[in-house]
Amino acid sequence: MADRPDDAPIRVLIVDDQEMIRIGYATILGAQPGLEVVGEAGDGRTAVALAARLRPDVVVMDVRMPVLDGIAATRRLAGPGVQDPPRVLVVTTFHLDQQVYEALRAGASGFLLKDAGPAQLVDAVRTVAAGESLLAPAVTQALLGRFAERLLPTPADDDPALASLTPREREVLIAVADGLSNAEIADRLFISHETVKTYVSRILLKLDLRDRVQAVVYAYRSGLVAPGR
């Protein structure tokens, strides 16, 4: 969605077909300063309609739902060609890794496991609202373990743009592929948070990628990072 004033709360729409989960998320997020739960939906179709009316900054999206599933809803909310999309945080479980793979392609900004703690949920919402994509390391490993064959480099995937990256930009891209946040990358490489943001922006621009989620896939498809490393 469009940029909001710095002092405005992060508007969150919660989408899950289980009422108790929606209540739990709403209770956790609604108690945090700077976060505002603006609506709840029990299926994807309702979520799309509510998002158009409420214009949330972040949609916390379950994958498996009736009427319209989370993947299709994510594509309608944040897929290619969508103007001014919200950030979609997909909440998943290991046995739904096929759906996570498809949600990634549909435009999701981040993934979180359903058994994540309250602090992780809050941090994930703030992270994607700030414009950073988030891949929980455990989700990343589950995805790549199951779909490694789809991510292995092939001659068709060769991209001369990779050669345009500096050694430091390659280090940052590898760290992104490891699922690290900007703060964690800064700690790993002993650089400032702002410097990391600059590097990530340059990488996305050079490789013509939309966000960090696409950068993770690119890192594996290009052969820069090997599945199971």
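Assorted remarks:
This table checks each residue for (1) outside the structural domain of residue 87 (by TED's automatic domain parsing); (2) at pLDDT 80 or above; (3) in a loop (DSSP other than H, G, I, E, B); (4) in contact with a Ser or Thr (Cβ under 6 Å, 6 or more places away or on another chain).
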residue: 156; (1), (2), (3), (4): yes, no, no, no
residue: 162; (1), (2), (3), (4): yes, yes, no, yes
residue: 188; (1), (2), (3), (4): yes, yes, no, no
residue: 204; (1), (2), (3), (4): yes, yes, no, no
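- Verdict on residue 2 being at pLDDT below 95, among the small types (Gly, Ala, Ser) and either surrounded by 15 or more Cβ atoms within 10 Å (Cβ to Cβ) or in a loop (DSSP other than H, G, I, E, B) (or both): yes
- Out of 68, 77, sole residue that is buried (at least 22 other Cβ atoms within 10 Å of the Cβ) and either outside any helix (DSSP H, G or I) or touching a helix residue (DSSP H, G or I) at 6+ places or on another chain (Cβ under 8 Å) (or both): 77
- Beta carbons closer than 7 Å, at least 6 apart along the sequence or on distinct chains, never pair a first residue in segment 26-37 that is over 16 Å from residue 130 (Cα atoms) and not assigned by TED's automatic domain parsing to the domain that holds residue 14 with a second that is of a type outside the set (Ser, Thr, Tyr) and buried (at least 16 other Cβ atoms within 10 Å of the Cβ).
The values are calculated or read from the model by the stated rules, or taken from the named source; none is laboratory data. None of these values were measured; they are calculated from a predicted model. Cβ sites come from the backbone with ideal geometry, for glycine too, and all protein chains shown count toward neighbours.
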